[in-house]
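Engineer: Just dropping this structure here.
The values are calculated or read from the model by the stated rules, or taken from the named source; none is laboratory data. Please read all numbers here as calculations on a predicted model, not as lab measurements. Note that each Cβ is placed from the backbone with ideal geometry, even for glycine, and that neighbours are counted across all protein chains shown.
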Amino acid sequence: MVPLMEWVNIILQGALLGGLYAMFAAGLSLIFGVMRLVNIAHGDLIVLAAYLSLLATDAFGLGPMTSLLVVVPLMAVIGYTLQRGILNQTLGPDLLPPLLVTFGLSIIIQNGLLELFTADSRRLQAGAVEVASLHVADGLSIGVLPLLQFVTAIAVIAVLQLVFYRTALGRAFRATSDDQDVAQLMGLDNRHVFGLAMALSLAVVAIAGIFLAVRTNFDPAIGPARLIFGFEAVIIGGLGSMWGTLAGGIILGVAQAIGAQLDPGWQLLAGHIAFLIILAIKPDGLFPKVQ
Amino acid sequence: MADRTNGTRSEHGISRRTLVKAGLGAIAAPAVLRVLPADAQSNVIKIGHVGPRTGPLAGFGEANAFIHEQVRGILSKGLSNGGKTWQVQIISKDSQSSGSRAAEVASELILSDKVNLVVADSTPDTTNPVADQCEVNEVPCITTNCPWQPYFFGRKGDPKKGFTWTYHFFWGLEDVIASFLALWDSAPTNKVVGGLFPNDADGNAWGDPKLGLPPALAKAGYKLHDPGRYQLMNNDFTSQITAFKNIKAEIVTGNMIPPDFATFWSQAAQQGFRPKIVTIGKALLFPSVIESLGARGDGLTSEIWWTPHHPFKSSLTGQSARELTDAYVKATNRPWTQPIGFQHALFEVAIDVLKRAKNLQDPKSILEAITTTKYNSIVGPVQWTGQPVKNVTKTPLVAGQWQRQANGKYDLVITTNKPAPEIPVGGKLKLLS
């Protein structure tokens with residue numbers, strides 16, 4: 001039998017990983033909630049943020065965490081421009097055009113990054129914090145970096161929740177989400193609201209990208225592989241619910257960790273099964289806010 | 001492609017498509033004009049090349065442009081065969097790191113470009129579909145840069161019969177095992193090994209309980225613990241790390257992709273797992289990966305296919321291995337990588353074959369030249385003698401360690417040459433902890 005402490009360790013590490021999944025998912029959830037846009041390029045935008053951070057650390061000698069100060073606003077600007085310049089043109093009653101356009105965007109980003117940065121496998125180096133850990137008990141050490149990542153995920157979700165339910169901007173988001181036409185009649189400029197939603201989404205993407213890039217290596221082609229966990233976390237948590245997204249990420253991370261402990265081959269499968277079970281029992285996710 | 005998109009914008013005076021077509025034509029025209037002198041039509045011989053230039057395998061194809069440039073330079077005066085001078089045209093196509101795309105472009109090369117010889121490199125995803133197309137269409141084909149078992153058995157090759165049109169040079173799994181064992185034998189450990197094998201072609205072959213590492217390691221007195229196949233792009237190696245800690249593994253081995261190894265290696269440190277030797281196939285080939293690991297790249301070990309220290313010369317350019325990598329570094333400002341030698345050797349062998357073929361217009365004659373190859377390339381001798389199987393010949397494989405030099409740069413040092421004594425050893429293995 002596996003000792004109890006090992007299970008505690010496995011589940012805890014899975015939960016910490018869930019924080020990263022939640023950050024992947026938060027941006028997706030936000031834009032789907034506001035404008036029903038499924039962003040296939042989300043994973044590639046995460047990688048783009050990682051490369052921007054790499055540039056910032058190389059050019060200004062910043063650490064990965066301080067590079068957030070540059071990369072987050074930059075990604076937000078990219079998001080707003082992208083939405084106003086391209087994606088708004090594709091939105092309409094049909095879900096397909098934005099899907100296809102973001103798919104194309106995904107290919108363009110991947111190949112653009114390949115041209116600029118070559119296929120080299122890169123990583124952001126954060127120094128000693130990468131391998132630092134807190135020794136909690138025998139057989140239980142928590143890495144400082146995964147912990148930081150988890151705390152950041154909670155902070156990001158909390159901020160998004162506040163923005164959504166406590167500010168005028170959040171009211172605009174919710175109004176357009178509920179009924180675009182009526183929101184426009186009330187004097188909201190949907191195009192601008194969508195732009196802001198995408199800006200916020202990509203700001204979150206920037207944070208997720210930097211944590212991913214410190215955690216492991218990245219190259220221009222890895223984006224799509226990271227996308228699926230984000231989607232699953234959104235669906236598990238329920239569309240439009242920020243705390244649900246966090247719960248979804250954690251459930252996914254823990255399910256994968258338990259699966260891996262039984263057999264490494266079941267790691268991803270266990271996550272997918274958890275996802276399917278929840279989809280079967282509660283098709284709207286655990287905490288749905290948007291119908 | 002452009003023709004297939006619907007014409008909703010045709011109301012414009014000049015549609016975008018027309019503009020794009022015209023533009024592409026203008027870009028493509030000089031290339032066509034350069035390679036097709038009208039009077040030399042009959043004296044043109046074409047080599048088709050398939051390799052990954054974009055996608056996840058792009059690192060393997062990185063040196064393509066450099067090698068093609070080099071070979072085109074040498075061939076600019078033509079190639080003499082049978083008292084005639086032939087223009088040699090190299091048509092290279094991108095596999096986009098996808099097997100189906102590789103098959104598609106190979107068939108284009110054969111059917112529309114009507115190439116006389118096909119060459120391809122880099123992983124089973126490129127070599128296998130390309131070789132299959134050539135076998136079906138009866139076009140001679142030479143490939144490299146893929147261990148021979150996935151190449152041969154992956155194509156359902158029968159060792160008794162073999163293939164007719166397709167030939168391959170590289171090393172095999174048995175060489176990896178021999179060089180890993182030689183590497184580990186050179187330092188004192190408790191001989192307990194943790195295995196990390198993903199659920200992909202390489203991972204399954206390496207971890208195979210009959211043909212892979214497990215029986216060979218057991219025979220050599222090593223205790224291998226294999227927790228099972230994990231999925232690629234894994235985000236969490238806690239269960240493997242816990243298992244390795246429990247059995248007190250001092251060696252970690254496996255076949256991984258760089259992101260998976262980086263995840264494992266940070267988590268191992270965070271969770272207090274400190275092995276003495278870490279020998280991983282595939283992930284640790286490229287200097288960029290080692291650089292990306294920072295100080296934690298120091299001391300990692302890997303199989304070595306080829307380095308500037310290898311004692312071979314190109315019979316095509318006369319360059320030594322060192323001279324070739326120096327030329328590459330100078331031309332591209334990038335660090336040398338192991339595939340460069342094999343990409344150069346691929347064209348060396350192809351040109352040697354074309355020089356010796358009795359009748360360049362006849363595919364059978366080119367094939368005969370391939371089977372009678374006896375060539376000293378920059379990666380070692382290439383000669384198909386029927387060993388290990390009819391269509392495969394092996395190049396030497398050694399193992400070594402990434403060691404940080406005084407200037408902070410990493411150098412790949414050959415620490416064991418037991419499987420291939422002709423390759424000089426560059427230093428001693430240092431333990432990680």
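Engineer: Name the single residue that is farthest from the other protein chains (Cβ to nearest Cβ) among those in segment B:203-239 being in contact with a strand residue (DSSP E or B) (Cβ under 7 Å, 6 or more places away or on another chain) and of a type in the set (Lys, Arg).
Structural biologist: My answer is B:Lys223.
Engineer: Ok, one more. Among the residues of segment A:235-290 satisfying the criterion of being over 21 Å from the mean Cα position of the chain (by Cα) and in a loop (DSSP other than H, G, I, E, B), which is nearest to the other protein chains (Cβ to nearest Cβ)? Break it down stepwise before answering.
Structural biologist: Applying the first criterion (over 21 Å from the mean Cα position of the chain (by Cα)) to segment A:235-290 yields A:258-266, A:277, A:280-283.
Of the ones still in play, those that are also in a loop (DSSP other than H, G, I, E, B) are A:263, A:282-283.
Numbers: A:Asp263: 5, A:Lys282: 25, A:Pro283: 26 Å.
Within segment A:235-290, the match that is nearest to the other protein chains (Cβ to nearest Cβ) is A:Asp263.
Engineer: I would also like to ask the following. Determine whether A:Ala206 is at pLDDT 90 or above and surrounded by fewer than 23 Cβ atoms within 10 Å (Cβ to Cβ). Before the answer, list the steps.
Structural biologist: On the way: at pLDDT 90 or above: yes; surrounded by fewer than 23 Cβ atoms within 10 Å (Cβ to Cβ): no.
So A:Ala206 does not fit the description; no.
Engineer: For the list (1) free of Cβ contacts under 8 Å to residues at least 24 places away in the same chain; (2) assigned to a helix (DSSP H, G or I), I need the number of the one condition that A:Leu188 fails.
Structural biologist: (2)
Engineer: Just to be sure I understand, how many residues within segment B:49-103 are assigned to a helix (DSSP H, G or I), within 14 Å of chain A (Cβ to nearest Cβ) and out of contact with any strand residue (DSSP E or B) (no Cβ under 6 Å at 6 or more places or on another chain)?
Structural biologist: Within segment B:49-103, the subset assigned to a helix (DSSP H, G or I) is B:64-75, B:99-103.
Then drop every residue that is not within 14 Å of chain A (Cβ to nearest Cβ), which leaves B:64-66, B:101.
With out of contact with any strand residue (DSSP E or B) (no Cβ under 6 Å at 6 or more places or on another chain) added as a condition, the list becomes B:65-66, B:101.
Residues meeting the conditions: 3.
Engineer: If you don't mind, another one. Condition (residue is closer than 30 Å to A:Pro64 by Cβ, modelled with pLDDT under 90 and assigned to a helix (DSSP H, G or I)) applied to segment A:171-178: is it met by at least one residue?
Structural biologist: No, the conditions are met nowhere in segment A:171-178.
Engineer: Another question, then. Kindly indicate whether B:Trp402 is crowded, with 20+ Cβ neighbours inside 10 Å, closer than 29 Å to B:Ile280 by Cα and not assigned by TED's automatic domain parsing to the domain that holds B:Tyr151. Lay out the reasoning, then the answer.
Structural biologist: On the way: crowded, with 20+ Cβ neighbours inside 10 Å: yes; closer than 29 Å to B:Ile280 by Cα: yes; not assigned by TED's automatic domain parsing to the domain that holds B:Tyr151: yes.
Considered against the rule, which asks whether it is crowded, with 20+ Cβ neighbours inside 10 Å, closer than 29 Å to B:Ile280 by Cα and not assigned by TED's automatic domain parsing to the domain that holds B:Tyr151, B:Trp402 comes out as yes.
Engineer: Quick check: anything in segment A:132-151 in a helix (DSSP H, G or I), more than 24 Å from B:Gln231 (Cβ to Cβ) and more than 14 Å from chain B (Cβ to nearest Cβ)? Give the steps one after another, and end with the answer.
Structural biologist: We begin by selecting, within segment A:132-151, every residue in a helix (DSSP H, G or I); these are A:144-151.
Still in the running and more than 24 Å from B:Gln231 (Cβ to Cβ): A:144, A:147-148, A:151.
Subset that is more than 14 Å from chain B (Cβ to nearest Cβ): A:151.
Within segment A:132-151 (the criterion being in a helix (DSSP H, G or I), more than 24 Å from B:Gln231 (Cβ to Cβ) and more than 14 Å from chain B (Cβ to nearest Cβ)), the answer is yes, since at least one residue qualifies.
Engineer: Taking the stated definitions as given, is A:Gly33 within 14 Å of another protein chain (Cβ to nearest Cβ), in contact (Cβ under 8 Å) with a residue 60 or more places away in the chain, among the small types (Gly, Ala, Ser) and over 15 Å from A:Val205 (Cβ atoms)? Walk me through how you get there before you give the answer.
Structural biologist: Details: within 14 Å of another protein chain (Cβ to nearest Cβ): no; in contact (Cβ under 8 Å) with a residue 60 or more places away in the chain: yes; among the small types (Gly, Ala, Ser): yes; over 15 Å from A:Val205 (Cβ atoms): yes.
No.
Engineer: So which residues in segment A:220-243 are farther than 25 Å from B:Pro258 by Cβ and touching a Pro at 6+ places or on another chain (Cβ under 8 Å)?
Structural biologist: Listed by number, the residues that qualify are A:Gly238, A:Leu239, A:Gly240, A:Ser241.
Engineer: With segment B:162-274 as the region, which strands (runs of 3 or more DSSP E) entirely inside it contain at least 1 residues that are more than 22 Å from the chain's Cα centre (by Cα), without any contact (Cβ under 8 Å) to a residue 40 or more places away in the chain and assigned by TED's automatic domain parsing to the domain that holds B:Gln401? Even if it seems obvious, please write down each step before you answer.
Structural biologist: Numbers: elements: B:166-169, B:192-196, B:223-225, B:251-256.
Filter on segment B:162-274 gives B:223-225.
Engineer: Next question, about the same structure. Within segment A:59-80, work out how many residues are in contact (Cβ under 8 Å) with a residue 24 or more places away in the chain and either in a helix (DSSP H, G or I) or among the hydroxyl-bearing types (Ser, Thr, Tyr) (or both). First the steps, then the outcome.
Structural biologist: Taking segment A:59-80 and keeping what is in contact (Cβ under 8 Å) with a residue 24 or more places away in the chain, we get A:63-65, A:67-68, A:71-80.
Going one step further and asking which of them are either in a helix (DSSP H, G or I) or among the hydroxyl-bearing types (Ser, Thr, Tyr) (or both), we end up with A:67-68, A:71-80.
Number satisfying all stated conditions: 12.
Engineer: So, one more: Which residue is surrounded by the most Cβ atoms within 10 Å (Cβ to Cβ), if the candidates are limited to segment B:203-232 and must be closer than 16 Å to B:Phe264 by Cβ and of a type in the set (D, E, K, R)? Reasoning before the result, please.
Structural biologist: Filtering segment B:203-232 for residues closer than 16 Å to B:Phe264 by Cβ gives B:203, B:206-207, B:225-232.
Restricting the remaining residues to those that are of a type in the set (D, E, K, R) gives B:226, B:229.
Details: B:Asp226: 22, B:Arg229: 19.
Of everything passing the filter in segment B:203-232, B:Asp226 is surrounded by the most Cβ atoms within 10 Å (Cβ to Cβ).
Engineer: In segment B:269-278, is there at least one residue being at the interface with chain A (Cβ under 9 Å from one of its Cβ atoms) and on the phi > 0 side of the Ramachandran plot?
Structural biologist: First pass over segment B:269-278, keeping only residues at the interface with chain A (Cβ under 9 Å from one of its Cβ atoms): B:269-272.
If we keep only those that are on the phi > 0 side of the Ramachandran plot too, we end up with B:272.
Checking segment B:269-278: at least one residue is at the interface with chain A (Cβ under 9 Å from one of its Cβ atoms) and on the phi > 0 side of the Ramachandran plot.
Engineer: What single numbered condition from (1) out of contact with any strand residue (DSSP E or B) (no Cβ under 9 Å at 6 or more places or on another chain); (2) buried (at least 24 other Cβ atoms within 10 Å of the Cβ); (3) over 18 Å from A:Ala260 (Cα atoms) fails to hold for A:Leu52?
Structural biologist: For A:Leu52, the failing item is (2).
Engineer: Then there is this: Is it the case that some residue within segment B:322-330 is at pLDDT 95 or above, under 14 Å from B:Pro381 (Cβ atoms) and touching a His at 6+ places or on another chain (Cβ under 8 Å)?
Structural biologist: no
Engineer: In segment B:281-306, how many are of a type in the set (Ser, Thr, Tyr), under 27 Å from A:Leu116 (Cα atoms) and touching a strand residue (DSSP E or B) at 6+ places or on another chain (Cβ under 6 Å)?
Structural biologist: Of the residues in segment B:281-306, the ones of a type in the set (Ser, Thr, Tyr) are B:288, B:292, B:301-302.
After this cut, where a residue has to be under 27 Å from A:Leu116 (Cα atoms) as well, the list is B:288, B:292.
Right, trim to touching a strand residue (DSSP E or B) at 6+ places or on another chain (Cβ under 6 Å) and you get B:292.
Looking only at that region, the number is 1.
Engineer: I'd like the full set of residues that are in contact (Cβ under 8 Å) with a residue 24 or more places away in the chain, touching a Ser or Thr at 6+ places or on another chain (Cβ under 9 Å) and surrounded by fewer than 21 Cβ atoms within 10 Å (Cβ to Cβ), limited to segment A:259-288.
Structural biologist: A:Leu286, A:Phe287, A:Pro288
Engineer: Just to be sure, is B:Thr317 closer than 30 Å to B:Val119 by Cα and in contact (Cβ under 8 Å) with a residue 24 or more places away in the chain? Talk me through it step by step, then tell me what you get.
Structural biologist: Working: closer than 30 Å to B:Val119 by Cα: yes; in contact (Cβ under 8 Å) with a residue 24 or more places away in the chain: yes.
The answer is yes for B:Thr317.
Engineer: Within segment A:62-83, is there a residue that is at pLDDT below 95 and within 14 Å of chain B (Cβ to nearest Cβ)?
Structural biologist: yes
Engineer: Filter segment B:70-112 down to the residues that are basic (Lys, Arg) and more than 19 Å from the chain's Cα centre (by Cα), then identify the one that is surrounded by the most Cβ atoms within 10 Å (Cβ to Cβ).
Structural biologist: Pass one, segment B:70-112, residues basic (Lys, Arg): B:72, B:77, B:84, B:93, B:101.
Keeping just the survivors that are more than 19 Å from the chain's Cα centre (by Cα) gives B:72, B:77, B:84.
Details: B:Arg72: 14, B:Lys77: 9, B:Lys84: 11.
My answer is B:Arg72.
Engineer: Report whether or not A:Phe211 is within 14 Å of chain B (Cβ to nearest Cβ), under 23 Å from A:Pro288 (Cα atoms), buried (at least 24 other Cβ atoms within 10 Å of the Cβ) and of a type in the set (Phe, Trp, Tyr).
Structural biologist: Details: within 14 Å of chain B (Cβ to nearest Cβ): yes; under 23 Å from A:Pro288 (Cα atoms): no; buried (at least 24 other Cβ atoms within 10 Å of the Cβ): yes; of a type in the set (Phe, Trp, Tyr): yes.
When the stated conditions are applied, A:Phe211 does not pass them.
Engineer: While we're on this one: One residue is enough: does segment B:33-44 have a residue meeting the conditions within 23 Å of B:Ile370 (Cβ to Cβ) and modelled with pLDDT of 90 or more?
Structural biologist: Looking for residues that are within 23 Å of B:Ile370 (Cβ to Cβ) and modelled with pLDDT of 90 or more, one finds at least one in segment B:33-44, hence yes.
Engineer: Follow-up question, since we're still on this one. Regarding B:Glu250, is this residue more than 9 Å from chain A (Cβ to nearest Cβ), crowded, with 18+ Cβ neighbours inside 10 Å, more than 30 Å from A:Ala221 (Cβ to Cβ) and not aliphatic (A, V, I, L, M)? Steps first, please.
Structural biologist: Numbers: more than 9 Å from chain A (Cβ to nearest Cβ): yes; crowded, with 18+ Cβ neighbours inside 10 Å: yes; more than 30 Å from A:Ala221 (Cβ to Cβ): yes; not aliphatic (A, V, I, L, M): yes.
Spelling it out, B:Glu250 is indeed more than 9 Å from chain A (Cβ to nearest Cβ), crowded, with 18+ Cβ neighbours inside 10 Å, more than 30 Å from A:Ala221 (Cβ to Cβ) and not aliphatic (A, V, I, L, M).
Engineer: Quick one: count up the residues across segment A:84-131 that are β-branched (Val, Ile, Thr) and within 13 Å of chain B (Cβ to nearest Cβ). Write out each step before concluding.
Structural biologist: Looking only at segment A:84-131, we keep the residues that are β-branched (Val, Ile, Thr), and these are A:86, A:90, A:101-102, A:107-109, A:118, A:129, A:131.
When the remaining residues are screened for being within 13 Å of chain B (Cβ to nearest Cβ), the result is A:107-109, A:118, A:129, A:131.
Count: 6.
Engineer: When you scan segment B:185-200, how many residues do you find that are more than 14 Å from chain A (Cβ to nearest Cβ) and buried (at least 18 other Cβ atoms within 10 Å of the Cβ)? Before the answer, list the steps.
Structural biologist: Step one: of segment B:185-200, the residues more than 14 Å from chain A (Cβ to nearest Cβ) are B:185-193.
Next, from what is left, pick out any that are buried (at least 18 other Cβ atoms within 10 Å of the Cβ): B:193.
Total meeting the criteria: 1.
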